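Asker: The structure is given below, and queries will be raised subsequently.
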Amino acid sequence: MTTLTIEDVKDKIRAVPDFPKKGIIFRDITTGIKDAQTMKAMVDYLCDAYKEYKIDYIAGIESRGFIFGMPMAYKLNCGFIPIRKPNKLPAATIKESYDLEYGSDSIEIHADAIEKGANVLVVDDLLATGGTAKAACSLVKKAGGNLVGAAFLIELEGLNGRAKLDNCGKIISMLQY
């Protein structure tokens, strides 16, 4: 089995022009995750960056953060915590709101999801403006977790989302556009 390079993985990501609106180039991960070798390379890369850390939980941001978070949790031998949109979790929750270009949104985790002092890694597929990721990091801290970092498959560098994550631990992305 051949080991894929970062460029090989990048070549598997489809660029969809003018989606969801004119002028946007959407980075479609579905073309990468449908290929077993590419999916393995993605998960391995994200895990390898944190293999020296003691991680108790991966906190995956809905919904594509679940795609990478679950296999990462399995590989790093830790639990998985879903970070969801409002009113999707059945028990008591903690909520964090954040600003969007037009308006605001929020995300939630179960109030009892994280034991005080547990080491948590936030995972999502994409770092764009950083609003959702910053809110997820804040949720982890609010719940009593020790934030190890945040891992992303793709980072849209021109949107400068990483700048919002200055207190979020080790930040990595496999692919930059």
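A short reminder: the numbers here are calculations on the coordinates, not readings from a lab. What you see is a predicted model; the values in this text were computed from it and never measured. So basically every Cβ, Gly included, is an ideal-geometry build from the backbone, and we count neighbours across all protein chains shown.
Asker: With point charges of +1 on the Cβ of Lys and Arg and -1 on the Cβ of Asp and Glu, referenced to the Cα centre of the range 1-46, which listed residue (9, 30, 19) lies farthest in the positive direction of the dipole?
Answerer: The one lying farthest along the dipole's positive direction is 19.
Asker: On to the next question. Quick check for me: using +1 on Lys/Arg Cβ and -1 on Asp/Glu Cβ, what's the dipole size of the chain about its Cα centre, in debye to the nearest 20?
Answerer: On the way: 23 positive and 23 negative charges, 46 e Å.
The dipole of the chain has a size of about 220 debye.
Asker: Going by a 4.7 Å Cβ-Cβ cut-off, which cysteines of the chain have no partner at all?
Answerer: 47, 78
Asker: For a test of the definition: using alpha carbon positions, the gyration tensor, and the 1.5 limit on a/c, classify the range 57-113 as rounded, prolate or oblate.
Answerer: Values: a/c = 2.83, a/b = 1.58, b/c = 1.79.
Since a/c reaches 1.5 but b/c is at least a/b, the shape of the range 57-113 is classed as oblate.
Asker: Can you tell me what share of the DSSP beta bridges in the chain is antiparallel? A percent to the nearest 5 is fine.
Answerer: On the way: 13 of 36 bridges.
Here the share of antiparallel DSSP bridges comes out near 35 percent.
Asker: When the Cα centres of the range 1-60 and the range 118-145 are compared, how far apart do they sit, in Å?
Answerer: Spelled out, the Cα-based centre of one part sits 18 Å from the other.
Asker: Within the range 109-177, which GluC sites (Glu not before Pro) sit in a loop by DSSP and count at most 13 neighbouring Cβ atoms inside 10 Å? Each step should come with its number before you reach the end.
Answerer: Details: sites: 115, 155, 157; in loops: 115.
Here the GluC sites (Glu not before Pro) that fit, given the DSSP loop and packing criteria, are 115.
Asker: Can I ask one more? Tell me the relative contact order for the range 42-176 as a rounded percent, counting alpha carbon contacts under 8 Å between residues six or more apart. Walk me through the numbers on the way to the answer.
Answerer: Values: 301 pairs, mean separation 32.0, N = 135.
This gives 24 percent for the range 42-176.
Asker: Quote the relative contact order of the range 1-107 in percent (integer), defining contacts as alpha-carbon pairs under 8 Å separated by 6+ residues. Don't skip to the answer; put the middle values down first.
Answerer: On the way: 116 pairs, mean separation 17.0, N = 107.
Across the range 1-107, relative contact order equals 16 percent.
Asker: Each residue of the range 11-16 in order: what ³J(HN,Hα) in whole Hz does its phi give by Karplus 6.51 cos²θ - 1.76 cosθ + 1.60, θ = phi - 60°, with x for Gly and Pro?
Answerer: 5, 7, 8, 7, 9, 10
Asker: Moving on. Regarding the range 1-61, what whole-number volume in Å³ per residue does the convex hull of its Cα atoms give? Kindly include the intermediate steps, with their values, before the conclusion.
Answerer: On the way: hull volume 7.2 nm³, N = 61.
Per-residue hull volume (Cα only) is 118 Å³.
Asker: What 222 nm value per residue comes from the helices of the chain, counting each DSSP H run with n ≥ 4 as -39,500 (n - 2.57) and dividing by all residues, nearest 500 deg cm²/dmol? All intermediate terms of the calculation are to be shown ahead of the outcome.
Answerer: Values: 5 runs with 47 residues, N = 177.
-7500 deg cm²/dmol, from helical runs alone.
Asker: Ok, one more. Bin by bin, in steps of 10 Å, what percent of the Cα pairs in the chain do you find, going until the bin that has the longest distance?
Answerer: 10, 39, 36, 14, 1
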